[in-house]
Every structure is written in C-alpha cells, then in structure tokens.
Amino acid sequence: QVQLVESGGGLVQAGGSLRLSCVASGSIFSFNNWGWYRQAPGKEREGVSCISRFGGDTNYADSVKGRFTISRDNAKKMVYLQMNNLKPEDSAIYYCMVIVVVTTTRDSDDYWGQGTQVTVSS
C-alpha cells in the first residue's frame, strides 16, 4: 500500500557531498518517523539517522554526527539526507524507511525503499 523511492546517490570523492531524497506514495493516513539506513557489501544494515513526525527530534549514528543532516517535508511526503565531508567508509546502499498509519486498516507499519548507491573514493 505504500511505496518509497530514493534518489541522489552516486560516486563522489572523499570530502565531497551528496543529497539523498526519498518520496512516499500510497494509501497513507498519517506519517510518523522517517529514517535512513545503509548497508555495505557483506555487512548488516545499520541505522544512519531518523527524524520524528514533525521534525522536532533527530538522531544520528556516531559515525555521521556533524557531517549528515536529516530533514523532512510532510506536505511533499519526502525525507532528505544531506551528506557532507563524505568518507570512503560511508560507501553503501542507502535505504529510506517510514513508519505510517495506512488508511485502510489504521494499522501502523514500516515501509522501505529499494535503495540508492553511494560510493566514496579515496
């Protein structure tokens, strides 16, 4: 019932910047939290950042604090991740996630996008 599409990934040199975006569509009654996760080859998926319903509360993994900024636009049904001072260890597939209440059942559930590749070269 809910679909997410990420964009903005690419190849960048260390120290460069990228801005990821994710848009949601479907039978959404209301939005709750948004999050960004990443997964490198052979490793577990890890949380990068999350943002509360109205953007008043944000959290970041220690490895990205001071470099990444998450933001959201509920009217546009979008979430963003501004990534600055990128490092090679940031290379991964980045996934957006949203917790929503769907219109049909009023149940709350999480939905995931297909991911966008970020590659940082030395």
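The values are calculated or read from the model by the stated rules, or taken from the named source; none is laboratory data. Predicted, not measured: the structure shown is a model, and the values here were computed from it. Here the Cβ is made from the backbone with ideal geometry for all residues, glycine too, and neighbour counts use every protein chain on show. We work out accessible area using only protein heavy atoms, side chains counted, and drop any ligands, DNA or RNA first. Shrake-Rupley method; radii C 1.70, N 1.55, O 1.52, S 1.80 Å.
Can you list the HN-Hα couplings for the stretch 78-90, worked out from phi with the Karplus curve (6.51, -1.76, 1.60; θ = phi - 60°), rounded to whole Hz and with x for Gly and Pro?
Taking θ as phi minus 60°, the curve returns 10, 9, 10, 9, 8, 10, 10, 6, 5, 10, x, 5, 7 Hz for the stretch 78-90.
So what is the accessible area of the chain per residue, in Å², with the probe set to 1.4 Å? Numbers along the way, then the final one.
Working: 6390 Å² over 122 residues.
Each residue of the chain exposes 52 Å² on average to a 1.4 Å probe.
Sort the following peptides by mean Cβ neighbour count (other Cβ atoms within 10 Å, averaged over residues), highest first: 56-62, 68-74. Spell out each step's value before the answer.
Working: 56-62: 12.1, 68-74: 17.3.
Going from most to least packed, we get 68-74, 56-62.
Distance from a point 7 Å along Cα→Cβ of ILE28 to each backbone N in the stretch 1-17: keep the residues under 11 Å and list them by number.
Under cut-off, by backbone N: 2-5.
Just to be sure I follow the rule: in the chain, considering lysines 8 or more places apart or on different chains, how many pairs have Cα atoms under 27 Å apart?
5
Express the carbon and sulfur contribution to the solvent-accessible surface of the stretch 42-122 as a percent, rounded to the nearest whole number, probe 1.4 angstrom. Could you put the intermediate results ahead of the total?
Details: 2050 of 4480 Å².
Percent of accessible area from carbon and sulfur atoms in the stretch 42-122: 46.
Taking square-rooted eigenvalues a ≥ b ≥ c of the alpha carbon gyration tensor, is the stretch 52-122 rounded, prolate or oblate, where a/c under 1.5 means rounded and, failing that, a/b exceeding b/c means prolate? The partial results should precede the final answer.
Working: a/c = 2.67, a/b = 1.83, b/c = 1.46.
Prolate shape, in that a/c is at least 1.5 and a/b is the bigger ratio.
Given H placed on each backbone N at 1.01 Å, which residues far from GLY113 in sequence or on other chains put an amide H within less than 5 Å of it?
Long-range HN contacts for GLY113: CYS96.
Quick one: work out the % antiparallel among DSSP beta bridges in the chain, nearest 5. Walk me through the numbers on the way to the answer.
Numbers: 43 of 47 bridges.
DSSP beta bridges in the chain are roughly 90 percent antiparallel.
For the stretch 1-51 and the stretch 67-122, what is the separation of their C-alpha centers, rounded to whole Å?
2
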